[in-house]
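The values are calculated or read from the model by the stated rules, or taken from the named source; none is laboratory data. A quick note: this is a predicted structure, and the numbers were derived from the prediction, not measured. Here the Cβ positions follow ideal geometry from the backbone for every residue, glycine too, while neighbour counts run over all protein chains shown. Surface accessibility is based on the protein's heavy atoms, side chains included, excluding ligands, DNA and RNA. Shrake-Rupley method; radii C 1.70, N 1.55, O 1.52, S 1.80 Å.
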Amino acid sequence: MNRQNDRGGRKKAAGTAAALLGAGLLAAWIITGENGPSEKDIEIYEQAAAMQEQVDGLGFLDFRLEDYPVAVYDGRRDYVFYEGKIKKRAPVLETFAGTVYPVEGHFEVVVPTAEQMDKLLSLAGGVEGMVSGSGYGSKEQTATIWHEAFHAYQLTNYAILGEKVSAEDLRQDLEGDARSGKERRKRGREEPDSAGIENEQIMEEQAVLSEEEWIVQEVDNNAEIRKKLETELELLEAAAGLAFAMEKADQENAEDMEKLKKTVFQYLESHRQRLSEMPRTAADAEIRCELTEGTAYYVESKVYGMQAGDTAYQECYLDGLGRFEGGRGKYYRTGMAKCVILDQIAPDWKEGFDFTQGMDAVLEHNSTRADCFLP
């Protein structure tokens, strides 16, 4: 999901539970327009919708796929799945990666077809936040749909880190970013007439740095900060791997819990120190990305695991967590890892979870609760 979409508003929970769709509903779709999507695209959406009950088990309050239109883009047009109908339209966004986009006052999931995504991954070797593997098929597409639906859920229901943005606000933001951002950057690079003007222009240019640019500048290109982050990644990989092993064992083990406790505390201490050494804006960019993308990546990973099994889940999402990656992609993985850890140390952590705090604050709060880490 694009950085601008990492924000949201609050709505009342809807009433009825989602109805599951099965493969037998293929012929029941009402398709508006002369031509419809491929049979494979319809089956993939139905497969995603049929997983609602399993996704409910993750514990996020009132998170339902049926609440959000899902537009599948085939390179020429969108096919929008919503309320039992498939609507054909001109594309609202010519994208080759999944995202959430404001459309007519609400948020919609927009994903390329599985075929388009497979071609992209084959050419590029992967996209931000996505682990490349041997191919991209229906399981991966189903997981991507749920990932982006979670972003629509965030935006529709919550004020991310206290910031509430409507679909119309986001639309204006997206339309204005390209124009105003380029103009401010150009002014910021002009030759200064004095030291005062130079400082003002430097501040102006910094003000328009994107989340990605802040991360590259203050983390990726800072050798000392990067080295500390690499240590944190190793600790998170160890902790998440242990938490998953404990989950599979499905029984309490005091020795493993104590080991997990020590690793988490070691991580939190290291992470707290590193963030204190970074500019506040860069630290905030990291916190926001990890909160929004990390939780969505967690949902994606769990949906993939529900379909492919524990071994494939571990290979695609847990193995290699400690690997450094430039840009925002690493925070998809760190945020996901913290969700996996929280599931083990505080299974009720999603009760009251409202995106007002970063994942580190959530992890620290739950790891110091009196009832945590008790064998």
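Could we say that Thr263 is of a type in the set (S, T, N, Q), modelled with pLDDT of 95 or more, within 25 Å of Ile145 (Cα to Cα) and open to solvent by 10 Å² or more (accessible area, probe 1.4 Å) here?
no
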Go through segment 299-335 and give me each residue that's open to solvent by 30 Å² or more (accessible area, probe 1.4 Å) and under 17 Å from Tyr153 (Cα atoms).
none
Answer yes if at least one residue in segment 50-59 is open to solvent by 20 Å² or more (accessible area, probe 1.4 Å), under 13 Å from Pro112 (Cα atoms) and either of a type outside the set (Asp, Glu) or outside any strand (DSSP E or B) (or both), and no otherwise.
no
Taking segment 242-259 as the region of interest, how many residues are open to solvent by less than 100 Å² (accessible area, probe 1.4 Å) and within 22 Å of Gly305 (Cβ to Cβ)?
9
Check on Tyr317, within 22 Å of Lys259 (Cα to Cα) and of a type in the set (Phe, Trp, Tyr)
yes
Which of the residues spanning segment 328-343 are modelled with pLDDT under 95 and not basic (Lys, Arg)?
Gly329
Return the residues of segment 270-298 that are crowded, with 24+ Cβ neighbours inside 10 Å and of a type in the set (A, V, I, L, M, F, W, C); say none if nothing qualifies.
Ala285, Cys289, Leu291, Ala296
Of all residues in segment 242-283, count the ones that are charged (D, E, K, R) and in contact (Cβ under 8 Å) with a residue 12 or more places away in the chain.
10
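On the given criteria, is Gly322 over 18 Å from Ile287 (Cβ atoms) and assigned to a loop (DSSP other than H, G, I, E, B)?
Numbers: over 18 Å from Ile287 (Cβ atoms): yes; assigned to a loop (DSSP other than H, G, I, E, B): yes.
Yes: the conditions hold for Gly322.
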Per the list (1) within 16 Å of Glu211 (Cβ to Cβ); (2) free of Cβ contacts under 8 Å to residues at least 40 places away in the same chain, residue check on Gly305 breaks on (1)
Which residue pairs have Cβ atoms under 6 Å apart, sit 6 or more places apart or on different chains, and have a first residue in segment 65-85 that is touching a residue at least 24 places away in the same chain (Cβ under 8 Å) and a second that is of a type in the set (Ser, Thr, Tyr)?
Pro69/Tyr82; Val72/Tyr79; Val72/Thr113; Asp74/Thr113; Phe81/Tyr45
Looking only at segment 90-103, filter to residues that are touching a residue at least 40 places away in the same chain (Cβ under 8 Å) and over 16 Å from Thr144 (Cα atoms); which one of those is surrounded by the fewest Cβ atoms within 10 Å (Cβ to Cβ)?
Val103
